[in-house]
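Student: Okay, handing you the structure first.
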Amino acid sequence: MARWSTTGLLALAAFALPALAQPQIATLEHDGVRYGSVTFERTADGSQIYTRETARLGVSALNAREWRSYEQRSSEGIDGRARTLSRRSQSGPATLQASARIVGNEIRIERREGPHTYRTVVPVPADLLVDAGVVRRIAAQPADDAWAFVYSEIDLSAARIVRVHLSSLGQHDGERLELLRETGEGDEILRRRLYWSMTQQRLLPSWDLAGARFDSHACSQDCDDAGTRYYDLMAGLTLDSPYRFPAASRHKTLRYVFESVDGIAPELPATGEQSVRQRGTRSIVTICSECGDEAAPDAANIARYRDANAWVQSDHPSLRALARSARAYGSIDGRMHRLVRFVQKHMDGSRQSLGYASALQAATSRSGDCTEFALLLAALARASHIPARVVGGLVYSSHFTGKGNVFSPHAWVQVWNGSRWVSFDAGMGQFDSTHIVLAIGDGSVGDYAGLLARVRALRLVNAGQIAATAP
C-alpha cells in the first residue's frame, strides 16, 4: 500500500545532502539514440544548499538546426526551506528568463521576455519544495515499495504555484526507479513518467518534444557530446492524404475518416465548424463553415479566452498599442480579417521556428511559424475585447513541411462572435475545410503538450468532398 504524506519540512532536515565532488552527467535519448545531455551540480556552504542543472537537446526541422537548452538554479536552507529558484531556457525565438525569491510569506516571481518584465507575488505554501527538497523526499522513500507524497512547486513559466502528486510502484531495474508525476485536477490531470537515478540519487529529467519522449540515462564523467545527433521534429508528423484536394474544393464540405494506432476511435473535439461521429474504431469528421454543433460557452470559458495569460499577454501596453495601430473597426468578422492582414504584415522575419514563443516575443522578434502567428493574433483579438482561443490540429499544406498532398501540424485562432466560434488563420492567410482541430486551449503551452503525440497516433484512412446538403 502506498504511503501518503503532505507534510515534510521537518522531516527533510533529517536527510542531509552533501555537496558533489564533481558534476553528474546524463544523456538525453530517444529510442536508444542520443540527442543531448544533462549536467547536475550541487554545492553547500554550511547554511544553504545550491543546485544547478543544465541541459541541451539537438533538434532540426526543414534544414534548420539548433540546440534547445535550459539552466535551472535553486537554493534552500539546511532546514529544507526554499529560498530562490531561477530558470533560463532557449527554444527557437523563445527565450525565457524567470526567477523566484522568497521573502517572508511571499514568493516574488519575475519573468523577462526580451525587453519586457513581468512581476507576480503569490503566497508561500507550507509544503513548497525546490530541487534539493524534492531529492531528499524521494531519497527517504523505499525503493522496492509503493509510496506517494504531495507537495507544491513554483511554475516559473506560468508564474504560479502547482500542486504535484509524485508516486512510485517500486518498479526499477537496479539503475532507474520509475516515478509518476501528476498535476492538475479532475479531467485536466497531466501525467508524466519520470525516473530516479538510484546510483546518482537524483531525478533524471525528461523532455516531451514534438510528440517524442527523451529520457535521461546516467553516464560516467567522460560522457561528452560526441556522437550526439539532431532530432528531426517533423519526422512522423505528416499524414498522407488519400485524396488530392484541388484549391476549389477546400472551401466546400469535406469529410475525413480517422483511425488510431491503438485501435480505439480517436476522440476529436467538436467546434462550430467541425462535427465528429464515432463509428466502431473510426471517427468521422465533417468540416465546413457551419458544419459543427459545439455548445455555447459559459461565462467562465468566455472569460478564459478574453483574459491575458503568460503566453497571450493581451494586457501588455505594447500589444494593446499594436492592436490599436491595426485600426480594426466594424463587425467582429471585419475586425478579425483586418487583424489577420496586420499580423501577416507585421511578422516579416524568418518563418522557420523550432520553439514556442509567446505573443509578446513574436511581436518583438517579428518571426516564427504558425504558433507565433496564432498567439499574436489571439493577443491582438483579446486586446480588442474579442474572446479568442488558440486551436491546434492539422491542415492540408506543404507550406511548413515541404511535402505535397499531406496534412501537417498547424495552429490558428477561433473567436467568439456572439453566437459561435469562427476560425481565422494568420499563418495560412485564410481558414478552409482542410483545417482539422485536434486540441483547443487558451494559448498556454501546456494545452498542447500532447498534440503532436496525438498526430503520430492518427491514421487518415479516407477523405473527400461531400454534397453540401449531406448530414
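Student: Taking the Cα centre of the chain as origin and charging only Cβ (+1 Lys, Arg; -1 Asp, Glu), how large is the dipole, in debye to the nearest 20?
Tutor: Values: 54 positive and 50 negative charges, 275 e Å.
Dipole of the chain, to the nearest 20 debye: 1320 debye.
Student: Pairs of Cα atoms under 8 Å, at least six residues apart: use those to get the relative contact order of region 169-278, whole percent.
Tutor: Computed value for region 169-278: 11 percent relative contact order.
Student: Okay, moving on. As a test of the formula, what do you get for the chain when each DSSP H run with n ≥ 4 contributes -39,500 (n - 2.57) and the sum is divided by the residue count, at 222 nm and rounded to the nearest 500 deg cm²/dmol?
Tutor: Taking each H run of at least 4 residues, the total per residue is -4000 deg cm²/dmol.
Student: Still on this structure: For region 9-232, with only Lys/Arg (+1) and Asp/Glu (-1) charged at the beta-carbon, what is the dipole magnitude about the Cα centre, in debye rounded to 20?
Tutor: Details: 28 positive and 31 negative charges, 144 e Å.
Rounded to the nearest 20 debye, it is 680 debye.
Student: Taking +1 at the Cβ of each Lys and Arg and -1 at the Cβ of each Asp and Glu, which of I287, A299, Q313 sits farthest along the dipole of region 275-320 towards its positive end, judged by Cα position relative to the Cα centre?
Tutor: Going by the Cα projections, it comes out as I287.
Student: Further question: Tell me the relative contact order for region 239-465 as a rounded percent, counting alpha carbon contacts under 8 Å between residues six or more apart.
Tutor: Details: 492 pairs, mean separation 63.1, N = 227.
Normalised by residue count, the contact order of region 239-465 is 28 percent.
Student: Select from A357, V343, F214 the residue farthest towards the positive end of the dipole of the chain; place +1 on Cβ of Lys and Arg, -1 on Cβ of Asp and Glu, and compute about the Cα centre.
Tutor: Toward the positive end, the furthest listed residue is V343.
Student: With +1 on the Cβ of every Lys and Arg and -1 on the Cβ of every Asp and Glu, and nothing else charged, how large is the dipole of region 299-391 about its Cα centre, in debye rounded to the nearest 20? Numbers along the way, then the final one.
Tutor: Numbers: 13 positive and 6 negative charges, 60 e Å.
Dipole size: approximately 280 debye.
Student: Now for a separate question. Round to a whole angstrom and tell me the spacing of the C-alpha centers of region 325-384 and region 108-177.
Tutor: So the two Cα centres are separated by 34 Å.
Student: If you don't mind, there's one more thing I want to ask. Along the charge dipole of region 9-232, which of N63, G174, S74 sits closest to the positive end, that is, farthest toward it, with unit charges on the beta carbon of Lys, Arg, Asp and Glu (+1, +1, -1, -1)?
Tutor: Looking along the dipole axis, the top candidate is S74.
Student: While we're here: Name the residues whose placed amide hydrogens come within less than 5 Å of the amide hydrogen of E273, ignoring near sequence neighbours (fewer than 5 apart) on the same chain.
Tutor: Counting only residues 5 or more places away or on other chains, the set is G292.
Student: Mind giving me the nanometre distance, one decimal, between the label points for A247 and R324, set 7 Å out from Cα along Cα→Cβ?
Tutor: Modelled inter-label distance: 3.9 nm.
Student: Work through the residues other than R250 whose Cβ is under 15 Å from its Cβ and net out their charges, Lys, Arg +1 and Asp, Glu -1.
Tutor: Once positives and negatives cancel, what remains is 0.
Student: I would also like to ask the following. State, as an integer percentage, the relative contact order of the chain based on alpha-carbon contacts under 8 Å between residues 6 or more apart.
Tutor: 14 percent
No value in this document is a laboratory result; all are computed from the given coordinates. Here the structure is a predicted model, which is why all the values come from computation and not from measurement. Every residue, glycine among them, receives a Cβ derived from its backbone with ideal geometry; neighbour counts consider all protein chains shown.
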